[in-house]
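The values are calculated or read from the model by the stated rules, or taken from the named source; none is laboratory data. Note that this is a predicted model, so its numbers are computed, not measured. Glycine gets a Cβ as well: all are built from the backbone with ideal geometry, and neighbour counts include every protein chain shown. Accessible surface is based on the protein model in full, side chains and every heavy atom, while ligands, DNA and RNA are left aside. Shrake-Rupley method; radii C 1.70, N 1.55, O 1.52, S 1.80 Å.
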Amino acid sequence: MEFFCFHRDRRESLALRLDLLEEHWSYMDRYAAEMIARGPTLAADGETPTGSVHVVDLPDAAAARMFAFDEPGYQAGVYRDVLLRRWRNLLGRTMWDFPGGRTGGNRYLVLGLGAGQPADLDVSADRDDLIAYGPLLSDDGATWVGTAVLVRAEDPDEARAVLTPDRYAEIEVHNWTFGGRA
């Protein structure tokens, strides 16, 4: 069962986040085999972390909640909130299989939050700019509630254009980069 997890940093938590970086990485190392994608979202300066994205394949919702809420930064108060949703890997690969590699170009997290009829479930095979792509789903996996995308794009507007704007109540675009140990 695949899950999308987005921990959003609270204001003024950068020092605490940095103090816990090795603990965070050690915690995530335990999930290396289950990881589909991971990495921080970044402020406009392209360097300051604002959140942490993890896409993981875990046995069930209880394991996903444990993954999200036992994370050292969460336990210490680094994050203001956590978005945890079922997800479906429409690309069928991990970020490490992304043909564009770990570096080069701008990378973004695009979150489309919606309701009603599912949107953007068909992925063109020629989209070599997509790093990870899939629908956000209800806890039981039956209801579409949005779409989460990691994408290489020229700028935030190009990244946003991956989703159909009028099908979402809100579309967020965050600077993002590959995470984990080098």
Taking a crude spin-label model, label points 7 Å out from Cα along the C-beta direction, the ASP45 to ASP128 distance in nm is 3.5 nm
Can you work out ³J(HN,Hα) from phi for every residue in segment 53-69, in order, using Karplus 6.51 cos²θ - 1.76 cosθ + 1.60 and θ = phi - 60°, giving whole Hz and x for Gly and Pro? 9, 9, 10, 9, 10, 10, x, 6, 5, 5, 5, 5, 5, 4, 4, 5, 9
Can I get the semi-axes of segment 41-118's equivalent ellipsoid? Compute them from the C-alpha gyration tensor as square roots of 5 times the eigenvalues, in angstrom, largest first. 22, 20, 15
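With viscosity set to 1.306 mPa s and temperature to 10 °C, compute the Stokes-Einstein D of segment 129-182, Rh being the Kirkwood radius across alpha carbon pairs; µm²/s, no decimals.
After rounding, the answer is 126 µm²/s.
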Of the candidate values (1) 40, 36, 30; (2) 58, 32, 31; (3) 54, 31, 30, the one computed for Cα extents along the principal axes in Å from this structure is (1)
Which cross-chain or sequence-distant (5 or more) residues have an amide H under 5 Å from the amide H of ASP120, H modelled 1.01 Å from N in plane? none
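Using 0.36 nm per residue, how much length does the chain from ASP139 to ALA63 gain when fully extended, once their Cα-Cα distance is taken away?
Extra length from ASP139 to ALA63 when fully extended: 26.1 nm.
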If I take R0 = 25 Å and measure r between the Cβ atoms of ARG88 and ASP155 in this structure, what FRET efficiency does the formula 1/(1 + (r/R0)^6) give, to the nearest 0.05? 0.35
Taking 0.36 nm per intervening residue step and subtracting the Cα-Cα distance, what contour gain separates GLU172 from LEU18 on full extension? 52.9 nm
Expressed as a percent, the accessible surface of the chain that is carbon or sulfur, using a 1.4 Å probe and the full set of protein chains, is 48 percent
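Find the accessible area per residue for the chain; the probe is 1.4 Å, ligands and nucleic acids are left out, and the unit is Å². Present the calculation step by step, with values, prior to reporting the outcome.
Numbers: 8900 Å² over 182 residues.
I get 49 Å² per residue for this part.
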Looking at the square roots a ≥ b ≥ c of the eigenvalues of the Cα gyration tensor of segment 1-76, which shape do they give, rounded for a/c under 1.5, prolate if a/b is larger than b/c, or oblate? prolate
